[in-house]
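Structure record follows, encoded as C-alpha coordinates.
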Amino acid sequence: MLEVLLCSLVTVFPDYLYRHFGQGKRIGKEITIYSVWYELRYGLVTCLMLTILLITVIFYHHPTTHNVTAYFRTIPIVSESSGRVAEIFVGRSDEIKQGSPIFKLDAAKQEAALVVAERRIAEIDATMKMAEADIAAAEGQLQQAIGAYEQALEELRTKEELQRRSPGIVAGRDIERLQITVQSRQGGVAAATASKSATETRLSTLLPAEKASAEAARTQSQVELDKTIIYAGVDGRVEQFLLRVGDYVTPIMRPAGVLIPHDAGRGRLIAGFNQIEAQVIKIGMPAEVTCISKPLTIVPMVVTGVQDYIAAGQLRTTEQLQDAQQVTKAGTLTVALEPLYAGGLDGVTPGSSCVANAYTRNHDELEHGDVGLLRWIYLHIVDTVAIVHAILLRLEALMLPVKTLVLGGH
(Lines give C-alpha, C1' and ligand atoms only; values in the text may rest on other atoms or scores of the structure.)
Protein backbone atom coordinates (compact mmCIF):
# COMPACT_ATOMS: atom_id res chain seq x y z
CA MET A 1 0.00 0.00 0.00
CA LEU A 2 2.81 2.42 0.82
CA GLU A 3 4.41 1.78 -2.56
CA VAL A 4 1.09 2.50 -4.32
CA LEU A 5 0.70 5.79 -2.44
CA LEU A 6 4.24 6.87 -3.32
CA CYS A 7 3.86 5.94 -6.99
CA SER A 8 0.46 7.66 -7.22
CA LEU A 9 2.05 10.95 -6.20
CA VAL A 10 4.10 10.99 -9.42
CA THR A 11 1.54 9.33 -11.73
CA VAL A 12 -2.14 9.58 -10.79
CA PHE A 13 -1.91 12.91 -9.01
CA PRO A 14 -0.18 14.78 -11.92
CA ASP A 15 -2.70 13.20 -14.33
CA TYR A 16 -5.55 14.48 -12.19
CA LEU A 17 -4.00 17.95 -11.99
CA TYR A 18 -3.81 18.06 -15.78
CA ARG A 19 -7.43 16.91 -16.13
CA HIS A 20 -8.62 19.44 -13.59
CA PHE A 21 -6.63 22.54 -14.50
CA GLY A 22 -5.81 21.80 -18.13
CA GLN A 23 -9.13 20.35 -19.25
CA GLY A 24 -11.43 21.80 -16.61
CA LYS A 25 -12.76 18.45 -15.44
CA ARG A 26 -13.96 18.23 -11.87
CA ILE A 27 -14.45 15.38 -9.42
CA GLY A 28 -18.13 14.56 -9.14
CA LYS A 29 -18.96 16.14 -12.45
CA GLU A 30 -16.86 14.89 -15.38
CA ILE A 31 -14.75 12.62 -13.19
CA THR A 32 -16.99 10.17 -11.37
CA ILE A 33 -16.59 6.67 -9.97
CA TYR A 34 -17.64 5.35 -13.36
CA SER A 35 -15.46 7.57 -15.56
CA VAL A 36 -12.33 7.78 -13.40
CA TRP A 37 -10.94 4.58 -14.95
CA TYR A 38 -11.10 6.23 -18.37
CA GLU A 39 -10.21 9.79 -17.44
CA LEU A 40 -7.15 8.83 -15.39
CA ARG A 41 -6.20 5.78 -17.42
CA TYR A 42 -2.69 6.97 -18.18
CA GLY A 43 -1.94 7.78 -14.56
CA LEU A 44 -3.46 4.54 -13.27
CA VAL A 45 -1.63 2.31 -15.73
CA THR A 46 1.64 4.13 -15.10
CA CYS A 47 1.07 3.91 -11.35
CA LEU A 48 0.50 0.16 -11.57
CA MET A 49 3.61 -0.43 -13.63
CA LEU A 50 5.75 1.85 -11.46
CA THR A 51 4.45 0.19 -8.29
CA ILE A 52 5.37 -3.26 -9.55
CA LEU A 53 8.81 -2.00 -10.56
CA LEU A 54 9.32 -0.27 -7.23
CA ILE A 55 8.30 -3.34 -5.23
CA THR A 56 10.64 -5.50 -7.30
CA VAL A 57 13.57 -3.13 -6.79
CA ILE A 58 12.88 -2.77 -3.07
CA PHE A 59 12.46 -6.45 -2.27
CA TYR A 60 15.40 -7.53 -4.41
CA HIS A 61 18.01 -5.01 -3.27
CA HIS A 62 16.65 -4.70 0.28
CA PRO A 63 15.49 -8.23 1.10
CA THR A 64 13.24 -9.05 4.02
CA THR A 65 12.43 -12.27 5.83
CA HIS A 66 10.27 -13.51 8.67
CA ASN A 67 12.47 -16.60 9.12
CA VAL A 68 14.74 -15.11 11.77
CA THR A 69 15.44 -16.90 15.04
CA ALA A 70 17.80 -16.45 17.94
CA TYR A 71 19.12 -20.00 17.85
CA PHE A 72 20.83 -21.36 20.94
CA ARG A 73 22.63 -24.62 21.57
CA THR A 74 21.65 -27.13 24.22
CA ILE A 75 23.68 -29.84 25.91
CA PRO A 76 21.83 -33.11 26.64
CA ILE A 77 22.21 -34.39 30.18
CA VAL A 78 23.04 -38.09 29.92
CA SER A 79 25.16 -40.49 31.93
CA GLU A 80 28.23 -42.26 30.55
CA SER A 81 27.29 -45.52 32.24
CA SER A 82 24.11 -47.36 33.10
CA GLY A 83 22.71 -47.43 36.59
CA ARG A 84 19.96 -46.41 38.98
CA VAL A 85 19.73 -42.82 40.17
CA ALA A 86 20.78 -42.49 43.79
CA GLU A 87 20.85 -38.74 44.36
CA ILE A 88 19.67 -35.52 42.63
CA PHE A 89 21.54 -32.23 43.12
CA VAL A 90 19.44 -29.81 41.01
CA GLY A 91 15.78 -28.98 40.51
CA ARG A 92 13.60 -29.14 37.44
CA SER A 93 14.85 -25.71 36.39
CA ASP A 94 17.96 -24.40 38.09
CA GLU A 95 21.14 -22.38 37.58
CA ILE A 96 24.36 -24.39 37.68
CA LYS A 97 28.08 -23.69 37.57
CA GLN A 98 30.72 -25.55 35.60
CA GLY A 99 31.89 -28.63 37.49
CA SER A 100 28.85 -28.78 39.77
CA PRO A 101 27.19 -32.20 40.17
CA ILE A 102 23.80 -32.78 38.53
CA PHE A 103 22.88 -36.29 39.65
CA LYS A 104 24.55 -39.44 40.96
CA LEU A 105 24.06 -43.11 40.13
CA ASP A 106 24.22 -46.02 42.54
CA ALA A 107 27.96 -46.74 42.84
CA ALA A 108 28.02 -49.93 44.96
CA LYS A 109 29.44 -52.04 42.13
CA GLN A 110 32.12 -49.47 41.22
CA GLU A 111 33.08 -48.97 44.87
CA ALA A 112 33.47 -52.71 45.34
CA ALA A 113 35.66 -52.95 42.22
CA LEU A 114 37.81 -50.11 43.57
CA VAL A 115 38.22 -51.87 46.93
CA VAL A 116 39.24 -55.11 45.15
CA ALA A 117 41.83 -53.20 43.12
CA GLU A 118 43.26 -51.54 46.24
CA ARG A 119 43.42 -54.88 48.04
CA ARG A 120 45.26 -56.34 45.08
CA ILE A 121 47.85 -53.55 45.28
CA ALA A 122 48.27 -54.17 49.01
CA GLU A 123 48.70 -57.90 48.32
CA ILE A 124 51.41 -57.20 45.75
CA ASP A 125 53.17 -54.84 48.20
CA ALA A 126 53.19 -57.64 50.80
CA THR A 127 54.50 -60.07 48.20
CA MET A 128 57.33 -57.64 47.40
CA LYS A 129 58.24 -57.51 51.09
CA MET A 130 58.32 -61.30 51.19
CA ALA A 131 60.45 -61.32 48.04
CA GLU A 132 62.96 -59.07 49.77
CA ALA A 133 63.10 -61.58 52.66
CA ASP A 134 63.45 -64.42 50.16
CA ILE A 135 66.42 -62.61 48.62
CA ALA A 136 68.07 -62.37 52.02
CA ALA A 137 67.46 -66.08 52.62
CA ALA A 138 68.76 -66.94 49.16
CA GLU A 139 71.85 -64.84 49.87
CA GLY A 140 72.46 -66.87 53.06
CA GLN A 141 71.99 -70.14 51.22
CA LEU A 142 74.38 -68.96 48.54
CA GLN A 143 77.05 -68.08 51.11
CA GLN A 144 76.53 -71.41 52.80
CA ALA A 145 76.87 -73.25 49.48
CA ILE A 146 79.98 -71.27 48.59
CA GLY A 147 81.49 -72.11 51.98
CA ALA A 148 80.79 -75.80 51.60
CA TYR A 149 82.17 -75.75 48.06
CA GLU A 150 85.36 -73.98 49.10
CA GLN A 151 85.82 -76.38 52.04
CA ALA A 152 85.42 -79.45 49.81
CA LEU A 153 87.70 -77.90 47.18
CA GLU A 154 90.40 -77.16 49.78
CA GLU A 155 90.24 -80.68 51.13
CA LEU A 156 90.53 -82.09 47.59
CA ARG A 157 93.56 -79.93 46.86
CA THR A 158 95.19 -81.07 50.11
CA LYS A 159 94.68 -84.75 49.30
CA GLU A 160 95.93 -84.26 45.76
CA GLU A 161 99.05 -82.50 47.04
CA LEU A 162 99.77 -85.33 49.49
CA GLN A 163 99.23 -87.86 46.73
CA ARG A 164 101.63 -85.96 44.50
CA ARG A 165 104.33 -85.80 47.16
CA SER A 166 103.89 -89.35 48.46
CA PRO A 167 102.11 -91.57 45.98
CA GLY A 168 99.97 -94.18 47.65
CA ILE A 169 99.59 -92.30 50.93
CA VAL A 170 96.00 -91.36 50.00
CA ALA A 171 93.58 -93.88 48.61
CA GLY A 172 92.44 -93.13 45.07
CA ARG A 173 88.87 -93.79 46.13
CA ASP A 174 89.04 -90.93 48.64
CA ILE A 175 90.23 -88.53 45.96
CA GLU A 176 87.44 -89.60 43.61
CA ARG A 177 84.93 -89.13 46.41
CA LEU A 178 86.25 -85.64 47.10
CA GLN A 179 86.09 -84.75 43.40
CA ILE A 180 82.45 -85.84 43.28
CA THR A 181 81.77 -83.82 46.46
CA VAL A 182 83.36 -80.70 44.93
CA GLN A 183 81.26 -81.05 41.80
CA SER A 184 78.15 -81.49 43.95
CA ARG A 185 79.00 -78.46 46.08
CA GLN A 186 79.67 -76.47 42.88
CA GLY A 187 76.18 -77.40 41.64
CA GLY A 188 74.75 -76.27 44.95
CA VAL A 189 76.45 -72.88 44.49
CA ALA A 190 74.95 -72.59 40.98
CA ALA A 191 71.50 -73.55 42.28
CA ALA A 192 71.71 -71.01 45.12
CA THR A 193 72.86 -68.33 42.65
CA ALA A 194 70.00 -69.15 40.28
CA SER A 195 67.50 -69.10 43.13
CA LYS A 196 68.72 -65.69 44.26
CA SER A 197 68.68 -64.36 40.69
CA ALA A 198 65.13 -65.62 40.16
CA THR A 199 63.97 -63.97 43.37
CA GLU A 200 65.67 -60.69 42.43
CA THR A 201 64.13 -60.82 38.95
CA ARG A 202 60.71 -61.45 40.45
CA LEU A 203 61.17 -58.49 42.79
CA SER A 204 62.54 -56.11 40.17
CA THR A 205 60.45 -57.09 37.12
CA LEU A 206 57.47 -59.38 37.70
CA LEU A 207 56.04 -57.88 40.86
CA PRO A 208 56.37 -54.22 39.65
CA ALA A 209 54.58 -55.22 36.44
CA GLU A 210 51.82 -56.87 38.46
CA LYS A 211 51.61 -53.79 40.67
CA ALA A 212 51.40 -51.52 37.63
CA SER A 213 48.55 -53.64 36.26
CA ALA A 214 46.82 -53.51 39.63
CA GLU A 215 47.26 -49.73 39.77
CA ALA A 216 45.83 -49.44 36.25
CA ALA A 217 42.87 -51.54 37.36
CA ARG A 218 42.44 -49.25 40.37
CA THR A 219 42.56 -46.19 38.09
CA GLN A 220 39.98 -47.76 35.82
CA SER A 221 37.78 -48.54 38.80
CA GLN A 222 38.16 -44.96 40.00
CA VAL A 223 37.19 -43.66 36.55
CA GLU A 224 34.12 -45.89 36.52
CA LEU A 225 33.28 -44.64 40.01
CA ASP A 226 33.68 -41.02 38.91
CA LYS A 227 31.31 -41.65 35.98
CA THR A 228 28.52 -42.32 38.43
CA ILE A 229 28.40 -38.58 39.17
CA ILE A 230 27.38 -36.42 36.22
CA TYR A 231 28.78 -32.88 36.30
CA ALA A 232 27.97 -29.73 34.36
CA GLY A 233 30.51 -29.01 31.62
CA VAL A 234 29.71 -25.29 31.36
CA ASP A 235 27.99 -22.53 33.28
CA GLY A 236 24.34 -22.46 32.36
CA ARG A 237 20.84 -23.39 33.32
CA VAL A 238 19.28 -26.83 33.64
CA GLU A 239 15.82 -27.02 32.10
CA GLN A 240 13.18 -29.76 31.93
CA PHE A 241 15.15 -31.99 34.28
CA LEU A 242 12.63 -34.72 35.08
CA LEU A 243 14.95 -37.41 36.47
CA ARG A 244 14.14 -38.67 39.95
CA VAL A 245 15.77 -40.97 42.53
CA GLY A 246 15.20 -44.60 41.62
CA ASP A 247 14.99 -44.09 37.85
CA TYR A 248 17.18 -46.36 35.75
CA VAL A 249 19.23 -44.59 33.09
CA THR A 250 21.46 -45.74 30.25
CA PRO A 251 23.52 -43.72 27.76
CA ILE A 252 21.22 -44.72 24.90
CA MET A 253 18.04 -43.47 26.57
CA ARG A 254 16.67 -40.00 25.97
CA PRO A 255 18.36 -37.23 27.96
CA ALA A 256 17.17 -36.53 31.49
CA GLY A 257 17.10 -32.82 30.63
CA VAL A 258 19.05 -30.15 28.84
CA LEU A 259 21.80 -27.78 29.93
CA ILE A 260 21.69 -24.38 28.21
CA PRO A 261 24.96 -22.38 28.36
CA HIS A 262 24.66 -18.82 29.63
CA ASP A 263 25.89 -17.23 26.41
CA ALA A 264 23.77 -19.38 24.10
CA GLY A 265 21.66 -17.38 21.65
CA ARG A 266 22.54 -14.03 23.21
CA GLY A 267 24.54 -12.19 20.56
CA ARG A 268 23.53 -13.59 17.18
CA LEU A 269 20.51 -14.17 14.98
CA ILE A 270 20.17 -16.64 12.13
CA ALA A 271 17.99 -15.59 9.19
CA GLY A 272 16.76 -17.48 6.16
CA PHE A 273 16.46 -15.27 3.05
CA ASN A 274 14.99 -16.25 -0.30
CA GLN A 275 17.39 -17.90 -2.75
CA ILE A 276 16.86 -15.16 -5.34
CA GLU A 277 18.69 -12.77 -3.02
CA ALA A 278 21.88 -14.87 -2.92
CA GLN A 279 23.69 -12.42 -5.25
CA VAL A 280 22.63 -9.41 -3.20
CA ILE A 281 23.31 -10.38 0.40
CA LYS A 282 26.97 -9.85 1.28
CA ILE A 283 28.97 -9.80 4.48
CA GLY A 284 28.98 -6.30 5.96
CA MET A 285 25.49 -5.32 4.76
CA PRO A 286 23.53 -3.25 7.26
CA ALA A 287 20.29 -4.75 8.53
CA GLU A 288 17.50 -4.18 11.02
CA VAL A 289 15.36 -6.57 13.02
CA THR A 290 12.35 -6.46 15.29
CA CYS A 291 11.54 -9.39 17.54
CA ILE A 292 8.34 -10.57 19.18
CA SER A 293 10.01 -10.91 22.58
CA LYS A 294 11.12 -7.27 22.41
CA PRO A 295 8.23 -5.45 20.71
CA LEU A 296 8.24 -1.88 19.39
CA THR A 297 12.03 -2.00 19.09
CA ILE A 298 14.20 -1.82 15.98
CA VAL A 299 17.68 -3.29 16.48
CA PRO A 300 20.44 -2.24 14.03
CA MET A 301 22.31 -5.31 12.79
CA VAL A 302 25.04 -6.23 10.35
CA VAL A 303 25.50 -9.33 8.19
CA THR A 304 28.49 -11.26 9.55
CA GLY A 305 28.15 -14.55 7.69
CA VAL A 306 26.51 -16.06 4.63
CA GLN A 307 26.35 -19.85 4.39
CA ASP A 308 27.66 -21.08 1.04
CA TYR A 309 25.27 -24.04 0.94
CA ILE A 310 21.48 -24.28 0.98
CA ALA A 311 20.26 -27.03 3.28
CA ALA A 312 17.58 -28.26 0.86
CA GLY A 313 20.25 -29.71 -1.42
CA GLN A 314 22.12 -31.82 1.11
CA LEU A 315 22.48 -35.48 0.13
CA ARG A 316 23.06 -38.50 2.32
CA THR A 317 24.28 -41.78 0.84
CA THR A 318 21.57 -44.45 0.87
CA GLU A 319 20.69 -47.57 -1.07
CA GLN A 320 18.37 -45.55 -3.31
CA LEU A 321 19.14 -42.97 -5.98
CA GLN A 322 18.06 -39.44 -5.15
CA ASP A 323 15.39 -37.96 -7.42
CA ALA A 324 15.41 -34.18 -7.87
CA GLN A 325 11.62 -33.97 -7.52
CA GLN A 326 11.92 -35.22 -3.96
CA VAL A 327 13.10 -31.75 -2.99
CA THR A 328 9.58 -30.34 -2.84
CA LYS A 329 10.41 -27.14 -0.93
CA ALA A 330 13.10 -24.67 -1.86
CA GLY A 331 15.51 -23.95 0.94
CA THR A 332 16.57 -20.54 2.16
CA LEU A 333 19.90 -18.79 2.23
CA THR A 334 21.24 -18.97 5.79
CA VAL A 335 22.62 -15.63 6.99
CA ALA A 336 24.16 -14.71 10.36
CA LEU A 337 23.26 -11.32 11.85
CA GLU A 338 24.97 -9.63 14.78
CA PRO A 339 24.07 -6.37 16.52
CA LEU A 340 25.80 -3.27 15.24
CA TYR A 341 26.21 -1.95 18.78
CA ALA A 342 27.10 -3.79 21.96
CA GLY A 343 24.07 -4.96 23.90
CA GLY A 344 21.76 -4.55 20.92
CA LEU A 345 20.08 -7.90 21.53
CA ASP A 346 19.72 -7.44 25.29
CA GLY A 347 16.18 -8.37 26.19
CA VAL A 348 15.70 -10.63 23.16
CA THR A 349 14.92 -14.06 24.59
CA PRO A 350 16.90 -16.87 22.92
CA GLY A 351 14.64 -18.74 20.55
CA SER A 352 12.60 -15.63 19.69
CA SER A 353 11.11 -15.17 16.23
CA CYS A 354 12.03 -11.95 14.48
CA VAL A 355 11.58 -10.02 11.25
CA ALA A 356 14.68 -8.75 9.45
CA ASN A 357 15.48 -6.32 6.67
CA ALA A 358 18.85 -6.16 4.92
CA TYR A 359 19.83 -3.06 2.96
CA THR A 360 22.04 -2.87 -0.11
CA ARG A 361 24.59 -0.09 0.33
CA ASN A 362 26.15 1.42 -2.81
CA HIS A 363 27.89 4.35 -1.18
CA ASP A 364 31.42 3.08 -1.81
CA GLU A 365 30.72 2.37 -5.48
CA LEU A 366 29.15 5.80 -5.96
CA GLU A 367 32.03 7.57 -4.24
CA HIS A 368 34.99 5.69 -5.66
CA GLY A 369 33.67 3.66 -8.60
CA ASP A 370 33.74 4.75 -12.23
CA VAL A 371 30.06 4.29 -13.09
CA GLY A 372 28.02 5.54 -16.03
CA LEU A 373 25.22 8.05 -15.77
CA LEU A 374 22.40 5.51 -16.01
CA ARG A 375 23.96 3.21 -13.39
CA TRP A 376 24.69 6.22 -11.20
CA ILE A 377 21.00 7.16 -11.32
CA TYR A 378 19.94 3.54 -10.73
CA LEU A 379 22.21 3.12 -7.70
CA HIS A 380 20.89 6.34 -6.21
CA ILE A 381 17.33 5.11 -6.69
CA VAL A 382 18.21 1.77 -5.03
CA ASP A 383 19.73 3.51 -2.00
CA THR A 384 16.83 5.95 -1.78
CA VAL A 385 13.99 3.42 -1.87
CA ALA A 386 15.55 1.62 1.11
CA ILE A 387 13.67 4.11 3.27
CA VAL A 388 10.43 2.55 2.05
CA HIS A 389 11.44 -0.82 3.39
CA ALA A 390 12.64 0.77 6.63
CA ILE A 391 9.23 2.42 7.04
CA LEU A 392 7.50 -0.89 6.34
CA LEU A 393 9.58 -2.61 9.03
CA ARG A 394 8.64 0.07 11.56
CA LEU A 395 4.99 -0.23 10.63
CA GLU A 396 5.26 -3.98 11.11
CA ALA A 397 6.92 -3.43 14.49
CA LEU A 398 3.96 -1.27 15.48
CA MET A 399 1.43 -3.81 14.23
CA LEU A 400 3.22 -6.86 15.64
CA PRO A 401 1.72 -6.57 19.17
CA VAL A 402 -1.72 -6.00 17.66
CA LYS A 403 -1.43 -8.98 15.32
CA THR A 404 -0.14 -11.19 18.13
CA LEU A 405 -2.41 -10.13 21.00
CA VAL A 406 -5.59 -9.02 19.25
CA LEU A 407 -5.82 -10.55 15.79
CA GLY A 408 -3.97 -13.68 16.87
CA GLY A 409 -6.62 -14.48 19.49
CA HIS A 410 -4.26 -14.32 22.45
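Details
- Scanning the stretch 236-256 for residues that are over 17 Å from the mean Cα position of the chain (by Cα) and part of a loop (DSSP other than H, G, I, E, B) yields a total of 14.
- Looking only at the stretch 2-20, and only at residues there that are at pLDDT 75 or above and not aliphatic (A, V, I, L, M), the one that is farthest from THR56 (Cα to Cα): PRO14
- Subset of the stretch 247-263 [of a type in the set (A, V, I, L, M, F, W, C) and open to solvent by less than 80 Å² (accessible area, probe 1.4 Å)]: VAL249, ALA256, VAL258, LEU259, ILE260
- Qualifying residue in the stretch 5-24 (condition: assigned to a loop (DSSP other than H, G, I, E, B) and within 23 Å of VAL385 (Cβ to Cβ)): yes
- Restricting attention to the stretch 269-287, the residues that are part of a helix (DSSP H, G or I) and either in contact with a Gly (Cβ under 8 Å, 6 or more places away or on another chain) or open to solvent by 20 Å² or more (accessible area, probe 1.4 Å) (or both) total 2.
- Filtered by the rule that a residue be under 23 Å from the mean Cα position of the chain (by Cα) and open to solvent by 30 Å² or more (accessible area, probe 1.4 Å), the stretch 63-77 gives THR69, TYR71, PHE72, ARG73, THR74, ILE75, PRO76.
- Unique residue being part of a loop (DSSP other than H, G, I, E, B), open to solvent by 40 Å² or more (accessible area, probe 1.4 Å) and modelled with pLDDT under 90 when the list is TYR34, TYR38, TYR60: TYR34
- Residues considered: ARG316, ARG266. Of these, the only one that is touching a residue at least 12 places away in the same chain (Cβ under 8 Å), open to solvent by 40 Å² or more (accessible area, probe 1.4 Å) and of a type in the set (Lys, Arg) is ARG266.
- Just so you know, in the stretch 78-104 the residues that are β-branched (Val, Ile, Thr) and open to solvent by less than 50 Å² (accessible area, probe 1.4 Å) include one that is farthest from ALA232 (Cα to Cα), and it is VAL85.
- Among (1) assigned to a helix (DSSP H, G or I); (2) open to solvent by less than 40 Å² (accessible area, probe 1.4 Å); (3) touching a strand residue (DSSP E or B) at 6+ places or on another chain (Cβ under 7 Å), the one test that ARG394 misses: (2)
- Applying a threshold of 6 Å to beta carbon distances and a minimum spacing of six or more residues, or different chains, the list of pairs starting in the stretch 135-157 at a residue that is farther than 27 Å from GLU176 by Cβ and in contact (Cβ under 8 Å) with a residue 12 or more places away in the chain and ending at one that is open to solvent by less than 50 Å² (accessible area, probe 1.4 Å) and β-branched (Val, Ile, Thr) reads ILE135/THR199; ALA138/THR199.
- Any hit, the stretch 324-338, residues being open to solvent by 50 Å² or more (accessible area, probe 1.4 Å), under 30 Å from ASP364 (Cα atoms) and among the aliphatic types (A, V, I, L, M): no
- The sole residue among GLU111, GLU87 that is assigned to a strand (DSSP E or B) and either farther than 30 Å from GLY351 by Cβ or of a type in the set (Asp, Glu) (or both) is GLU87.
The values are calculated or read from the model by the stated rules, or taken from the named source; none is laboratory data. Please read these numbers as outputs of a predicted model, since none were measured by experiment. Heads up, the Cβs are rebuilt from the backbone with ideal geometry, glycines too, and the neighbour counts pull from every protein chain shown. Heads up: the accessible areas ignore ligands, DNA and RNA and are worked out on the full protein's heavy atoms, side chains in. Shrake-Rupley method; radii C 1.70, N 1.55, O 1.52, S 1.80 Å.
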